[in-house]
Each structure stands twice: as structure tokens, then as C-alpha cells.
Amino acid sequence: MTRHETAAWLLAHDRYVILTHRNPDGDTIGCASALCRGLRALGKTAHILENPQFSARYGRWLDGLLCPAPGPEDTVVSVDIAAETLLPDNAAGLAGKIRLAIDHHGSNTGFAACSCVEPDLAACGELVYALLVEELGVALTPELAEAIYLAVSTDTGCFQYANTTASTLRVAASVMDAGCQAYAINKVFFGTKSISRLQLEARLTESMEVLAGGLVAICHVPLGWMAELGLTEDDLDAIASFPRNVEGVEVGVTVREQAPGRLKISLRTGEYTNASAICAHLGGGGHKAAAGATVQGEYPAVRAQLLSAMRAEGVPV
């Protein structure tokens, strides 16, 4: 559906329950918070489904908005979710019941009954802003503005990534004009690291595998490091970008062990390599420069699958 059609759809329905994805980041949480607040401003009943992986630092965007489960008459909407395989464990039973997907992933599988997907946008938050503010005329309160800023700043690396456009910056400027305290958000999410996070980065630097003459860097985060270093989910935020930050690296890969036998692969690539195409070989997807996949198995076997997928897309490893 177009933006205009999606806005009309949102006006025509009610009793919303909004879904976020597994390993929730600022884009999915910011979008859910903004959409929930915007729908309430329009007189709708709206909640965000609890996600067992929500962490404490997102609490201010979720306070008063959560529900434990949807009812049979509720309208289920997903934000920033490309496939039903990315639903959190407590939402797995909602597969096939999602009425609307609002997303910006080109790899979106079309799982929802209706979809509004714009792959050219840097963040799903840009689309939520367009629907609420430009199409539906919702007034930007400071709370709504900060939710949108959280979304767009997260998926652009605080506006450093190549996906940042003039449109992205105009959205950021608009929400700052409406009272968003951008510095406070930037300080927490982009300007502060815990000792545990710094220790993790030191280990990753020491253990990083560099291939293809320095074009490829692979970091492996074993499950045992979580307890050993005292890491929280917040400490793992944006760790996928770490190997890509090394000078000369075109393909940066982070392989994180989430549970015994379950590994999350995250790719961040430069302009010459399609991360989504590589991850598609592994059952995942995403964007051209940022994509991921969850694979079952032990690290040596998963590493071999990863290298095979990269070779299939022309990466000389």
C-alpha cells in the first residue's frame, strides 16, 4: 500500500497491538512507541506487545504502552520487521495473524495481510513519521518526537552511515523543533560505553579474523563471554558495526552465539558488496549494507556456511 492508503487503513481500524522484532533496537522500539502514541492521539486504543528482550534503557519510550498479549479482536501491526522469523518468542504464535507491516527492508517477505514497505528509507522511523505527521496530521509532542528521533538516529549510526539522506535529516530537524532532546539520546546511545563493552571490544580486536587481504573481518562472540565479562544486552548494542569500522574492511561480520547451537550473523558492508544477498543464502536478509541471519549449528560449521555464502556473492574468501 502507499502511504496515503496506509494512513486511511490506520484510520479505519482500532484496537492495535504493535509488534517489535527479536533483539529489538532503537528503530523498532522508536517506531512502536511513536505509532502507539500517534494512534492514541487519534483516539484509537493502542498498545505495544511486551518483548522479553526489551532492556532497561528503552524504558522511557515504553512506559505505559505495553500489553502482555493481544486479544482475539485486536489489530496486529508490525514495525521494522522483514520476516515472521524475526518475531520474538512470545509473538511466534501470531504468525499469519499480522494485519499490517510497516517496514523499510527490501527483503520484506510480504508476510502480512497488508504492507507498507519503502526500502529507500534509511530508517523505518522515517515512514512512521510520514504516516503520522504528514498523512494523518498528528501533532508532534516531545514524547512522540523523541521516539521518532530514537528510530532514525539508531538506523543511521547517529547520521554517520551512507544511508542517511537529506530527508532523514529533515525528519530529525522537525522532531528537534518539536522538543526532542537529541543530545541526551545521543549521549546514552552513541557517546557512552560501559567497562564491559570496552573489554568486549578489546577481545574482539585481539581475536578478529581478517581475510581477503584485509577486505573481510570476522568477529565471533561466544555465549560464555556474556557472564565472563558481565555483559548485558545493552552492551551488545551496535556491536555488528565493530569489524566494519576497521580501515580497509569492505565486509564486516559479527557472529554472536545467542544460545547453545544458535548463532546470529550480522553483516555490515561497503558500497561494493550486498549484505542482504549474502544473508539470503543463510535464510536471512535486510539491507544492501546491513543484513543478518540466524543459523543453527556450532561456530566452525556456521563459519563455513558464511564463507560459502560470501563466495557465492563474489567475495574472495
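The values are calculated or read from the model by the stated rules, or taken from the named source; none is laboratory data. What you are looking at is a predicted structure, and each value in this text was computed from that prediction instead of being measured. To get the accessible areas, we keep the full protein, side chains included, count just its heavy atoms, and leave off ligands, DNA and RNA. Shrake-Rupley method; radii C 1.70, N 1.55, O 1.52, S 1.80 Å.
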Inset, instruction - Sticking to Cα atoms, compute the Rg of the stretch 191-235 to one decimal and its Dmax as the biggest Cα-Cα distance, whole number, in Å. - result: 12.0, 34
Inset, instruction - Rounded to whole Å and sorted largest first, list the principal axis extents of the Cα atoms in the stretch 101-173. - result: 33, 30, 17
Inset, instruction - Over the chain, average the accessible area per residue using a 1.4 Å probe and give it in Å², no decimals. - result: 42
Legend entry - Along each principal axis, Cα extent of the stretch 249-317, largest first, Å: 34, 20, 20
Legend entry - Potential lengthening between Ala95 and Ala202 on full extension [0.36 nm per residue; Cα-Cα distance subtracted]: 34.5 nm
Inset, instruction - Just the number, please: Stokes-Einstein D of the stretch 16-122 in µm²/s, Kirkwood Rh from C-alpha pairs, 4 °C, 1.567 mPa s. - result: 95
Inset, instruction - At a temperature of 20 °C and a viscosity of 1.002 mPa s, determine how fast the chain diffuses translationally according to Stokes-Einstein, using the Kirkwood radius over alpha-carbon pairs as Rh; express D in µm²/s, rounded to the nearest whole number. - result: 107
Inset, instruction - On the protein heavy atoms, probe 1.4 angstrom, tell me the percent of accessible surface of the chain carried by carbon and sulfur. - result: 53
Legend entry - Expected 222 nm ellipticity per residue - DSSP helices of 4 or more, -39500 (n - 2.57), all of the chain, to 500: -10000 deg cm²/dmol
Inset, instruction - In Å³ and rounded to a whole number, note down the convex hull volume per residue for the Cα atoms of the stretch 123-235. - result: 131
Inset, instruction - Diagonalise the Cα gyration tensor of the stretch 164-314 and give the resulting equivalent ellipsoid semi-axes, square root of 5 times each eigenvalue, largest first, whole Å. - result: 28, 21, 14
Legend entry - the stretch 53-210: Rg to Rh, with Rh as the Kirkwood radius over Cα pairs: 0.99
